[in-house]
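The values are calculated or read from the model by the stated rules, or taken from the named source; none is laboratory data. Just so it is clear, the structure is predicted and the values come from calculations on it, not from any experiment. With ideal geometry, Cβ positions are generated from the backbone for all residues, glycine too; neighbour counts draw on all protein chains shown.
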Amino acid sequence: MTRNLASPKSGHPICPHTCAFMLDNFIRRWIQRPGKIVGDFLKPGDTAIDLGCGPGFFTIEMAKRVGPNGRVIAVDLQPEMLAHVARKSRKHGVSEIVTCHPCQAQDIGLSISADFILAFYMIHETPDIRTSLTQIKALMGQGARTLVVEPKMHVGKATFQTILDIAQDVGLTVLHRPSGMGGRSVLFGKDQGYSTDVS
């Protein structure tokens, strides 16, 4: 039965494209290594979505992991961020793998079946978390997984627990609480049981 859980509204504005350099630089790559964070969840030939991709900090690594027979859809609200991703994709020779997709604030606007979805530091920025998680579930194919990572400085334990509870309501399940991801992290599957362990 679906419970009447309030969906937290975003109190955090999105990071503007003018700060793209803060989201993709050697210091961040040293602290949050893209290959370490996404590497275990991708294999050659996968279809992956990088939600709220920004300037493509994870997108390029994801493209390298899925290879020429795979596909990565980089999704962002800001066309300027997607322009960064397009340039980086050409530079790294993965432009045939990466598709840049502009979304709306409350509508991802995709109709595909993904093997893996990354939502890194973006769920707390969405206007309605329930809507976002419902749309994410709809994009997950058979056996797909979604990794959500939220920054501890913006998302406390109580808010993260609410995200987990809403996820259960919409038919997602906690498969794992991976550590070393740079925030409060959860790996979601679909309808395979539920864990409430929050750290």
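Structure values in brief
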read-out	value
Among residues of the range 114-136, those that are among the acidic types (Asp, Glu) and over 25 Å from LYS43 (Cα atoms), counted	2
Criterion violated by GLU150 - all others in (1) surrounded by 22 or more Cβ atoms within 10 Å (Cβ to Cβ); (2) closer than 12 Å to LYS190 by Cβ; (3) of a type in the set (D, E, K, R) satisfied	(2)
Some residue of the range 58-78 being free of Cβ contacts under 8 Å to residues at least 40 places away in the same chain, surrounded by 20 or more Cβ atoms within 10 Å (Cβ to Cβ), in a strand (DSSP E or B) and of a type in the set (Gly, Ala, Ser)	yes
Subset tally (residues that are crowded, with 21+ Cβ neighbours inside 10 Å and either modelled with pLDDT under 95 or within 21 Å of THR126 (Cβ to Cβ) (or both)) for the range 79-107	5
Any hit, the range 174-193, residues being surrounded by 18 or more Cβ atoms within 10 Å (Cβ to Cβ) and without any contact (Cβ under 8 Å) to a residue 24 or more places away in the chain	yes
The range 153-164 - residue that is more than 20 Å from ILE37 (Cβ to Cβ) and under 18 Å from the mean Cα position of the chain (by Cα) and, of those, surrounded by the fewest Cβ atoms within 10 Å (Cβ to Cβ)	GLN161
Where a residue in the range 139-157 is closer than 9 Å to ALA114 by Cα and free of Cβ contacts under 8 Å to residues at least 60 places away in the same chain and its partner, wherever it lies, is basic (Lys, Arg) and assigned to a strand (DSSP E or B), with Cβ under 9 Å and at least six apart	MET140/LYS190; GLN142/LYS190; ALA144/LYS190
Residue match in the range 122-130 (condition: aliphatic (A, V, I, L, M), free of Cβ contacts under 8 Å to residues at least 12 places away in the same chain and over 17 Å from GLY54 (Cα atoms))	no
Qualifying residue in the range 113-127 (condition: surrounded by fewer than 22 Cβ atoms within 10 Å (Cβ to Cβ) and farther than 24 Å from GLY183 by Cβ)	yes
